[in-house]
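Note sheet for the following structure.
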Amino acid sequence: MALLELNDVKVHYGRIQALHGISISVEEGEIVSLIGANGAGKTTTMRAIAGLLHSSGGSITFDGKDVTKVPGHNRVGLGVSLTPEGRGIFPAMTVLENLDMGAFARKKNQAEYDEDLDRVFSLFPRLKEREKQAGGTMSGGEQQMLAIGRALMARPKLLLLDEPSMGLAPQYIKQIFNIIKQVNSQGTTVLVVEQNANQALRIAHRAYVLETGNITREGTGAELAADPAVKAAYLGAD
Ligand code: ATP
């Protein structure tokens, strides 16, 4: 059984329908990428999975449970952790305090907490160097590392990454994607949405294309990267 399964999920914002019944699945251990243009519904999909907005139809199953009606704060406890678009770190709090907030929803177990903090610092040595610095004074790339680090502090089974490369300088973009691969190889399942389709398909086991609220293509990362229609629409510039 898949770790995450969306079956015919629909989302409306008032009278506007943003998702027209999408079905996607993520198997345990996979990196799955969802690519699509501006406004295709990528963020909406992530927010529906995280339980931050209600779906108006269809169902979402996570880890064997129907979570369609489970509120977002309870989904964190089940193992779903979202790094939102724009990162959403706490700018006035230090790096360490931000990471601490990520562990908040979990039962405090000091040994596990220390282990997770060590893991985050070994993935992102920069965060260790800057643990007492206010999050808001870090560079864009560093803030993205902090946002991912904070999500990992919740020890998720499924890490949701919404546009992790957005606004980053090129040297950080490669680094962030390599870190996503590393996090995955350490056992965390990843669903990533991206406009940077080249990188997103490079790291993906499987991927989906989302167009105006519909899934229009799916395949392995390599299959989609070689698909002429995907190439023409998404793989031009980078
Ligand atoms: P981007 O890459 O630009 O963030 P996206 O693929 O993440 O785009 P969404 O943010 O999910 O797209 O938006 C999907 C559609 O839903 C868009 O047409 C958008 O205008 C609309 N939408 C999103 N949020 C709202 C809202 N709060 N109220 C009304 N419409 C919304």
Exercise. Whole number please: convex hull volume per residue of the Cα set in the chain, in Å³?
Worked result: 118
Seminar exercise, completed: Residue-normalised value, i.e. accessible area per residue, for the stretch 1-153 at 1.4 Å probe, in Å², stands at 47
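For Lys132, what is the net charge nearby, where nearby means another residue's Cβ is under 14 Å from its Cβ and Lys, Arg count +1, Asp, Glu -1?
On the way: positive: Arg126, Lys128, Arg130; negative: Glu97, Asp100, Glu129, Glu131, Glu142.
Neighbourhood net charge equals -2.
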Exercise. Of all the accessible heavy-atom surface of the stretch 1-123, with the other protein chains kept in place and a 1.4 Å probe, what percent is carbon and sulfur?
Worked result: 52
For this session: With a cut-off of at most 13 other beta carbons within 10 Å, and DSSP calling the residue loop, which trypsin sites (Lys or Arg not before Pro) in the stretch 49-123 qualify? Please list them.
Result: Lys69, Lys107, Lys108
For this session: Tell me which residues come under 5 Å, amide H to amide H, from Leu34 once H is placed; ignore anything under 5 positions away on its chain.
Result: Val192, Val193, Glu194, Tyr208
For this session: State, to one decimal in nm, how far the label point of Thr137 lies from the label point of Asp66, with both points 7 Å from Cα in the Cβ direction.
Result: 5.2
For this session: Would you mind checking which residues have amide H under 5 Å from Thr68's amide H? H placed 1.01 Å from N; only 5 or more apart, or other chain.
Result: Ile60
Exercise. According to the square roots a ≥ b ≥ c of the eigenvalues of the Cα gyration tensor, what is the shape class of the stretch 71-150, taking rounded for a/c under 1.5, prolate for a/b larger than b/c otherwise, and oblate for the remainder?
Worked result: oblate
Exercise. Amide H neighbours of Leu19 under 5 Å, counting only residues 5+ apart in sequence or on other chains, H built in-plane at 1.01 Å?
Worked result: Val11
Exercise. What list of ³J(HN,Hα) couplings, whole Hz, do you get for the stretch 32-39 from phi and the Karplus terms 6.51, -1.76, 1.60, once you set θ to phi - 60° and write x for glycine and proline?
Worked result: 10, 10, 10, 10, x, 6, 3, x
For this session: Any chance you could check the Cα centroid distance between the stretch 35-53 and the stretch 180-238 for me, in angstrom?
Result: 15
Seminar exercise, completed: With the 8 Å Cα cutoff and a minimum separation of six or more residues, the chain has a relative contact order in percent of 27
Exercise. If you average the sequence gap of Cα pairs under 8 Å that are 6 or more apart and divide by the length of the stretch 91-218, what percent do you get for the contact order?
Worked result: 23
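The values are calculated or read from the model by the stated rules, or taken from the named source; none is laboratory data. Everything numeric here is computed off the predicted structure, so don't read it as measured data. Backbone-built Cβ (ideal geometry, glycine too); neighbour counts: all protein chains shown. The accessibility values were calculated without ligands, DNA or RNA, using every heavy atom of the protein model including side chains. Shrake-Rupley method; radii C 1.70, N 1.55, O 1.52, S 1.80 Å.
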